[in-house]
Each structure stands twice: as C-alpha cells, then as structure tokens.
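The next block holds one structure in the form of structure tokens; read it before the comments.
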Amino acid sequence: MGEFRSHMDTALDEACAAARRGEVPVGAVVVSPDGRVVAQAGNRTREMNDPTAHAEILALRAACAAAGSERLIGHDLYVTLEPCPMCAAAIAAARIERLYYGADDPKSGGVAHGARVFSHPQCHHVPDVYDGIGAEAAAALLRDFFAERRD
C-alpha cells in the first residue's frame, strides 16, 4: 500500500453540495484498493423521497455497480458523519475494508454510538474504523445547517 491520502475533502464537498440542495449535509466517497475515487455522493433523501438515500448508501450502490459486484473488498469509505445503523449494516454487507468518518453522531450513529452495529456477533464483516477525520469541518457544517433552519 502506498502513502495514505485522505479523501475526506471530497466527502466534505459532497456534504456542502447536499446542504445547498436542502439535504442534511453528509457526504461519502468510496475509494478503490489502488486509491481511485470510484463513487461519491451526498444525502438525497428529500430529493428522491427515499429514506434510504443516505450518502453512504448512494455511494456504495454506485461503487458496486461500477465494480459489477455486491462486495467492495479492499475498498475504503470516507463519510463526513458517523454512519447510522442502516448504513453501518450496508458497509458490513459490502465488505468495506476501512471506514473513515468525521463527526460523531451521538443521537443517530450506529458505529461508536447507539446500535454499535460492528460490535454484534451477527455482523459478518467488521471494517477497520478511523474516526475524527475532518471532524471539526463536518461538525461545523452540520451545526450551521441546522442553525439556519431554527432561525
């Protein structure tokens, strides 16, 4: 494996684009084993009228379609916010190698908080998890987004 290169900046760009669309600002990027970005997405739940259209799900779907497989062995996923339980289960099912996420989500997270999907014996694959990558920028984006809606 070559030198580590974070793709959180691309995930943050996707989160900003989601915010501009009126979506909760979360972005995700799937990176192939050779370091290429193979898919990226931001939340589109409102636009698509689909509660499963989280950034992670959309990015995983696109990466799987590109790979021609339901499994993304050796791939990394960057996401700006701790994945919810639904997304964590999809990450495990896709066999993502490494998960990098930014801000913690004590309210709806499913990795370090709440359901802690990867800690269950029923979870057949557990990615390596690295949290706090770009956390301050991701948290600020979310704070600003929700503050504007409260005003």
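The values are calculated or read from the model by the stated rules, or taken from the named source; none is laboratory data. From a predicted model like this one, the values you see are computed outputs, not experimental measurements. As a convention, Cβ positions derive from the backbone with ideal geometry for all residues, glycine included, and neighbour counts pool all protein chains shown. With ligands, DNA and RNA removed, areas are computed over all heavy atoms of the protein, side chains included. Shrake-Rupley method; radii C 1.70, N 1.55, O 1.52, S 1.80 Å.
Counting only residues that are of a type outside the set (A, V, I, L, M, F, W, C) and within 20 Å of Ile73 (Cα to Cα), which one in the stretch 93-118 is surrounded by the fewest Cβ atoms within 10 Å (Cβ to Cβ)?
Arg98
In the list Ala53, Ala63, Ala59, which residue meets the criterion of being open to solvent by less than 10 Å² (accessible area, probe 1.4 Å), part of a loop (DSSP other than H, G, I, E, B) and more than 21 Å from Glu136 (Cβ to Cβ)?
Within the list Ala53, Ala63, Ala59, the selection yields Ala53.
Is there a residue in the stretch 114-135 that is under 26 Å from Arg21 (Cβ atoms), of a type outside the set (Gly, Ala, Ser), at pLDDT 95 or above and not in a strand (DSSP E or B)?
no
Looking only at the stretch 66-92, how many residues end up being touching a residue at least 40 places away in the same chain (Cβ under 8 Å), within 13 Å of Val26 (Cβ to Cβ), of a type outside the set (A, V, I, L, M) and outside any loop (DSSP other than H, G, I, E, B)?
2
Contact list please: Cβ distance under 7 Å, first residue in the stretch 99-114 and closer than 14 Å to Ala88 by Cβ, second residue open to solvent by 20 Å² or more (accessible area, probe 1.4 Å) and among the acidic types (Asp, Glu), pairs at least six apart or on different chains.
Tyr101/Asp131; Asp104/Asp131; Ala112/Asp104; Ala112/Asp131; His113/Asp104; His113/Asp105
Out of all the residues in the stretch 130-145, which are closer than 10 Å to Leu81 by Cβ and either surrounded by fewer than 18 Cβ atoms within 10 Å (Cβ to Cβ) or touching a strand residue (DSSP E or B) at 6+ places or on another chain (Cβ under 6 Å) (or both)?
The answer is Ala135, Ala138, Ala139.
Quick check on Val29: is it in contact (Cβ under 8 Å) with a residue 24 or more places away in the chain, under 24 Å from Leu142 (Cβ atoms) and surrounded by fewer than 24 Cβ atoms within 10 Å (Cβ to Cβ)?
no
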